[in-house]
Amino acid sequence: MSAETSPRPIALFDMKAQQALIRPEIDRRIAAILDSGAFINGPDVRELEAKLAAFAGVAHAVGVSSGTDALQIAMMAENIGPGDAVFLPAFTYTATAEVPLVLGATPVFVDIAEDGFNIDLQDLKRRIALVKEEGRLRPRAVIGVDLFGRPADWPALEEICRAEGMFALDDAAQAFGGALGGKRLGAWADATALSFYPTKTLGCYGDGGAILTNDAARAELYRSLRTHGEGKTRYEVERTGMNGRLDTIQAAILLCKLPLLEEELKARTRIAGWYAERLAKHVTVPGTQAGADSAWGLYSILLPDAETRGRVQAAMQARGVPSAIYYPKPLHHQPAYAAAHAAGLRQSPPLPVSETVCQRILALPMHPYLDEEQAGRVAEAVIAGL
Ligand SMILES: *Cc1c(COP(=O)(O)O)cnc(C)c1O
């Protein structure tokens, strides 16, 4: 054999390397569930909830069927609906905006800040004031998103929500494991929504999610809402809920993966460091955030413009290096949300940062099993396209 072996292929996300480490444990746990027949609300769900709460340092974790349902159940518990304004960033995954709309509330899109990819606090304050001035909608909630794993400025968001009597909901779907001031995401907002979609920092092999909170009354409501609004006894319906349960097999898979998460978060941080070292001179890399630990759910760079981004993607592809665009369009430009955007504020100020970032953003491969040689090849491919 020649010394020249072909290089290890690079995946955007790699779930196989991780699975190889825990496959026997997964097989054992799934077999036990098949034997027990406790497919819904089995003991694995309760065990997972206790371990998630401990990991995040919160009092309560409630397993649900997806990150989207976590957002929805958290908002249903506050009775958010018609006539309510829900403020959220224009640059995020579609689910963040979809949920208030499904509940009959009106999303008010807020621009993101230039430094980082999270909600712009000044623009948020301005839009809250405008909603009050126009007088048609009640400011009810802010959904802060920890985009790409970077914690939003929760102390400031909490203060704004307290001052306005609004519900603070953390969409931490991309950020489980991230922290502020050494305290993990989960306790910073009134409630925190997690997604266990397979590619998230903690992912199952299907759909799953959870809601974290320190508020016992809220946790109880979430348990009721995820099971059709059931009361103390099974067929007592106290409120309109939904079927939003986490199934036992997904909980079992998450129990196998959770013990790896601490080390995987460290690996993600190391990989982000390798990228920054090699790329900071050439492109805009995610800046450091004082007192914050990103969960590095995704690693996105900014290119000068869409044309350069196209060249970089082509150069990467030619070298067998995958990339992706999260997100190509700000939500207020999505056909499904344009009417809601117009309804939210009659006089909406522009959202320039969200619009330009969509043209410039590019996600590089990011998963805990990427090694330094691979990270180096990714960086070389990016530079080759500039
Ligand atoms: C993935 C994601 C969601 C939705 O989670 P699902 O489990 O896919 O329903 C919501 N918000 C953000 C920011 C996400 O990345």
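The values are calculated or read from the model by the stated rules, or taken from the named source; none is laboratory data. Since we're looking at a predicted model, the values are computed, not measured. All Cβ positions, even for glycine, are placed from backbone atoms using ideal geometry, and neighbour counts span all protein chains on display. The protein model used for the area step is the full one, side chains on, heavy atoms only, and it has no ligands, DNA or RNA in it. Shrake-Rupley method; radii C 1.70, N 1.55, O 1.52, S 1.80 Å.
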Can you pull out the trypsin sites (Lys or Arg not before Pro) in region 176-251 that DSSP calls coil and that have at most 12 other Cβ atoms within 10 Å? K232, R234
Amide H contacts of L246 (H built 1.01 Å from N, under 5 Å, at least 5 apart or other chain): V64, S65
Take every DSSP beta bridge whose two residues both sit in region 17-259, then give the antiparallel share in percent to the nearest 5. 50
Calculated log₁₀ intensity ratio I(q)/I(0) where the Debye formula runs over C-alpha points of the chain, q = 0.07, 0.12 Å⁻¹: -0.32, -0.94
Under the rule of at least 5 residues apart or a separate chain, name every residue whose amide H is placed under 5 Å from the amide H of F167. A141, V142
In debye, nearest 20: dipole of the chain around its Cα centre with unit charges on the Cβ of K, R (+) and D, E (-)? 240
The chain: calculated mean residue ellipticity at 222 nm from DSSP helix runs of at least 4, using -39500 (n - 2.57): -13500 deg cm²/dmol
Whose amide H sits under 5 Å from the amide H of V110, counting only residues 5 or more places off or on another chain, with H placed in the peptide plane? L88, A90
Ordered by residue, what ³J(HN,Hα) values in Hz, to whole numbers, does region 198-212 give under the Karplus form 6.51 cos²θ - 1.76 cosθ + 1.60, where θ = phi - 60° and Gly and Pro are x? x, 8, 6, 4, 10, x, 9, 10, x, 9, x, x, 7, 10, 10
Heavy atoms only, probe 1.4 angstrom, no DNA, RNA or ligands counted: give me R126, R150 ranked by accessible area, highest first. R126, R150
Could you tell me which trypsin sites (Lys or Arg not before Pro) in region 271-361 are loop residues by DSSP with no more than 14 other beta carbons within 10 angstrom of their beta carbon? K281, R346
Scan the chain and report its longest stretch carrying no GluC sites (Glu not before Pro) that are both in a DSSP loop and have at most 10 other Cβ atoms within 10 Å. 5-235
